[in-house]
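The values are calculated or read from the model by the stated rules, or taken from the named source; none is laboratory data. Please read these numbers as outputs of a predicted model, since none were measured by experiment. Cβ atoms come from the backbone with ideal geometry, glycine included; neighbour counts cover every protein chain shown.
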Amino acid sequence: MSQQELHKKLKELHTELARFDAAGGVDAEAQHLLAELRQDIEALIDRSATEHSHGLGERLQELVQRFETSHPALAGAMGAVADQLSKLGI
């Protein structure tokens with residue numbers, strides 16, 4: 001998988017996170033985790049995909065499990081990015 005494909009998936013996830021935030025309805029802990037995730041994604045979009053990616057895949061997988069039932073579109077977008085990171089060895 002290419003860096004371009006990862007960049008595309010990151011943008012898709014960023015868009016989905018924005019929709020999710022607009023809808024609200026999550027607890028304070030989830031809001032904090034999602035805010036950190038958004039910052040990491042913005043950094044990855046703005047820079048090389050390998051910078052600032054340490055641990056991002058694992059955090060994404062944890063969040064996928066947390067949101068897969070209540071917010072399947074968000075969980076799907078997170079899972080796609082986690083898969084891309086894994087395929088790139090990140």
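Can you pull out the residues in segment 58-77 that are over 17 Å from H32 (Cα atoms) and under 10 Å from the mean Cα position of the chain (by Cα)? Reasoning before the result, please.
At the first step, the residues of segment 58-77 found to be over 17 Å from H32 (Cα atoms) are 68-70, 72-73, 76-77.
Across segment 58-77, the qualifying residues are G76, A77.
Of all residue pairs spaced 6 or more apart or on separate chains, those with beta-carbon atoms under 9 Å, a first member in segment 65-83 that is closer than 14 Å to L13 by Cβ and surrounded by fewer than 18 Cβ atoms within 10 Å (Cβ to Cβ) and a second member that is of a type in the set (D, E, K, R) and at pLDDT 85 or above are G76/E68. Say we look at segment 48-90 and pick out the residues that are part of a helix (DSSP H, G or I), farther than 15 Å from E5 by Cβ and of a type in the set (D, E); which of these is modelled with the highest pLDDT? In this case the residue turns out to be E62.
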